[in-house]
Amino acid sequence: MTDGPSVQEVDAVAREALDRLVVDVNDFPEPGIVFKDITPLLADPAGFAAVVAALAAAGRDADGTVVVDKVLGMEARGFILAAPVAMALGVGFVPVRKAGRLPRATYAVSYALEYGEATLELHADAVAPGERVLLVDDVLATGGTVRATRELVEKSGGSCSGVAVLMELGFLPGRATVGDLTVTSLMTV
Ligand code: AMP
């Protein structure tokens, strides 16, 4: 049996794809924000596959054994990345949605945005007590989304093994906000 590419090799291919295929959009959705548009990356099959493989590594231990029971993706770009990561790991995918979108009983957590408040919801039976989950999203910015999602998982009786993102915005306090949660970020910008 031949070994597959190492984690370092997978990361290097993913970083190259991110460099080449994520487009900065100035002043979107409002003045002063540089929006990281991942749609060209998603449209590139090799680039998309590379970042999914690199994110999925966060759900395995050093021997390659899968150490999570579920992968959670946050609305909306988190869904696009978390679903193939879950399939790569052979575990279930769970959506975390904005308020009012999930049809059955939910847990809800509200958190402060720069202006106003947002609420995220998780189906109450989506994460079983004792399950370990990996959170997946495209960008870690202030960390509020990840912190709220972790609270949802803990309300369910589960625990977060970590969060895996394509990019973290190094000028914002995302890592400090998420506290002791392990952050896997393919790139800091
Ligand atoms: P935060 O809760 O501040 O960490 O924001 C993270 C969420 O907002 C993620 O779901 C991202 O998709 C989105 N986000 C924040 N900043 C950006 C950005 N500059 N470009 C693209 N998405 C962003």
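The values are calculated or read from the model by the stated rules, or taken from the named source; none is laboratory data. This one's a predicted model, so the numbers in the text were calculated from it and none came from an experiment. For neighbour counting, all protein chains shown are included, and Cβ atoms are generated from backbone atoms with ideal geometry for every residue, glycine included. These area figures cover heavy atoms from the full protein model, side chains too; ligands, DNA and RNA do not enter into them. Shrake-Rupley method; radii C 1.70, N 1.55, O 1.52, S 1.80 Å.
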**OP:** With a 1.4 Å probe and every protein chain left in place, work out the accessible area per residue of segment 1-107 in Å², rounded to a whole number.
**Re:** 56
Original post:
Taking each full run of DSSP H in the chain as one helix, which ones are at least 18 Å long along their axis (Cα atoms) and have mean Kyte-Doolittle hydropathy of at least 1.6?
Top reply: 77-89
Subject >> Amide H within-cut-off set for T184, under 5 Å, with H built and near neighbours excluded >> reply: V163, A164, V165
Original post:
For the chain, what is the calculated [θ] at 222 nm in deg cm²/dmol (nearest 500), taking -39500 (n - 2.57) for each run of four or more DSSP H residues and dividing by its residue count?
Top reply: -9500 deg cm²/dmol
Subject >> Long-range HN-HN contacts of G92 with modeled amide H, under 5 Å >> reply: V71
**OP:** Decide, for segment 1-114, between rounded, prolate and oblate: order the square roots of the alpha carbon gyration tensor eigenvalues as a ≥ b ≥ c, take rounded if a/c falls under 1.5, and otherwise choose prolate if a/b is larger than b/c, else oblate.
**Re:** oblate
Original post:
By the scheme Lys and Arg +1, Asp and Glu -1, what is the net charge of all other residues having a beta-carbon under 13 Å from that of S156?
Top reply: -2
Original post:
With charges only on Cβ, +1 for K and R and -1 for D and E, what is the dipole size of segment 2-55 about its Cα centre, in debye, rounded to 20?
Top reply: 60
Original post:
Using the per-residue mean of other Cβ atoms lying within 10 Å as a proxy for protection, in what order, highest first, do the peptides 26-39, 118-131, 76-89, 136-149 fall?
Top reply: 136-149, 76-89, 118-131, 26-39
**OP:** Quick one: what are the phi-derived ³J(HN,Hα) couplings along segment 159-172, Karplus 6.51/-1.76/1.60 with θ = phi - 60°, whole Hz, x for glycine and proline?
**Re:** 9, 9, 7, x, 10, 10, 10, 5, 9, 10, 8, x, 8, 10
**OP:** Which order do the peptides 108-117, 157-166, 40-49 take when ranked by the mean count of other beta-carbon atoms within 10 Å per residue, highest first?
**Re:** 157-166, 40-49, 108-117
Original post:
Once the whole set of protein chains is in place, how much accessible area is left on D19, using a 1.4 Å probe, in Å² to the nearest 10?
Top reply: 110
Original post:
Carbon-plus-sulfur fraction of the accessible area of segment 48-189, 1.4 Å probe, in percent?
Top reply: 53
Original post:
Given L18, V127, L41, which one lies farthest toward the positive end of the charge dipole of segment 7-188, if we put +1 on the Cβ of every Lys and Arg and -1 on the Cβ of every Asp and Glu?
Top reply: V127
Original post:
For segment 28-48 and segment 61-96, what is the separation of their C-alpha centers, rounded to whole Å?
Top reply: 21
Original post:
Shape call for segment 7-188 from the C-alpha gyration tensor, a ≥ b ≥ c root eigenvalues: rounded (a/c under 1.5), prolate (a/b greater than b/c) or oblate?
Top reply: oblate
